[in-house]
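Below you'll find the structure, written out as structure tokens, and then a few comments.
The values are calculated or read from the model by the stated rules, or taken from the named source; none is laboratory data. Small disclaimer: the values here were computed from a predicted structure and weren't measured. So basically every Cβ, Gly included, is an ideal-geometry build from the backbone, and we count neighbours across all protein chains shown.
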Ligand code: ZN
């Protein structure tokens with residue numbers, strides 16, 4: 001990302017939608033192409049994610065029903081439009097949090113390895129092979145695009161408790 005001074009004025013922190021905001025339950029639309037508008041969204045989402053110390057963020061969390069996700073676990077920024085999981089392998093369990101549900105910590109079982117395809121910030125079709133934490137973050141963010149949240153992985157009674165006795 002450019003460190004030019006004018007960027008300080010064009011970058012701003014987006015509002016994070018919090019559960020039970022209904023937008024978090026909606027399905028997102030495909031992106032037709034990655035042009036300047038989409039690149040601006042990528043950039044603002046990354047900025048917002050880092051500001052709130054997140055490692056992944058999906059468009060509905062900032063109020064946009066578009067298939068766009070960003071992630072950075074400290075190994076480089078990932079920007080993907082229309083991400084699609086094409087391969088899942090292995091299993092792994094880990095406690096996850098979510099910027100949209102700050103009060104929840106949920107043990108989630110996910111695949112240990114994934115291959116995800118999508119469009120990068122240049123609009124190129126790419127494939128990302130990930131394992132461990134990055135694979136988990138990608139699966140978490142792609143869930144968001146389908147309206148799925150970490151609390152959906154809670155056992156039934158705990159899920160009810162979360163819904164009514166937060
Ligand atoms: Zn989340």
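Per-structure values
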{"quantity": "Residue that is surrounded by the most Cβ atoms within 10 Å (Cβ to Cβ) [pool: residues in the stretch 41-64 that are without any contact (Cβ under 8 Å) to a residue 40 or more places away in the chain and in contact with a helix residue (DSSP H, G or I) (Cβ under 8 Å, 6 or more places away or on another chain)]", "calculated": "45"}
{"quantity": "Conditions (1) buried (at least 19 other Cβ atoms within 10 Å of the Cβ); (2) out of contact with any helix residue (DSSP H, G or I) (no Cβ under 8 Å at 6 or more places or on another chain): number failed by residue 122", "calculated": "(1)"}
{"quantity": "Residues located in the stretch 133-152, provided they are more than 9 Å from the ligand (Cβ to nearest atom) and either farther than 17 Å from residue 62 by Cβ or not in a helix (DSSP H, G or I) (or both)", "calculated": "133, 134, 135, 136, 138, 139, 146, 147, 148, 151, 152"}
{"quantity": "Test: residue in the stretch 42-49 that is within 15 Å of the chain's Cα centre (by Cα), more than 17 Å from residue 144 (Cβ to Cβ), at pLDDT 95 or above and more than 13 Å from the ligand (Cβ to nearest atom)", "calculated": "yes"}
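Rundown of residues vs (1) within 20 Å of residue 147 (Cα to Cα); (2) away from the ligand (no atom under 14 Å from the Cβ); (3) without any contact (Cβ under 8 Å) to a residue 12 or more places away in the chain, yes/no style:
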position	(1), (2), (3)
70	yes, no, no
76	no, yes, yes
79	yes, yes, no
84	yes, yes, no
90	no, yes, no
103	yes, no, no
106	yes, no, no
113	no, yes, no
119	no, yes, no
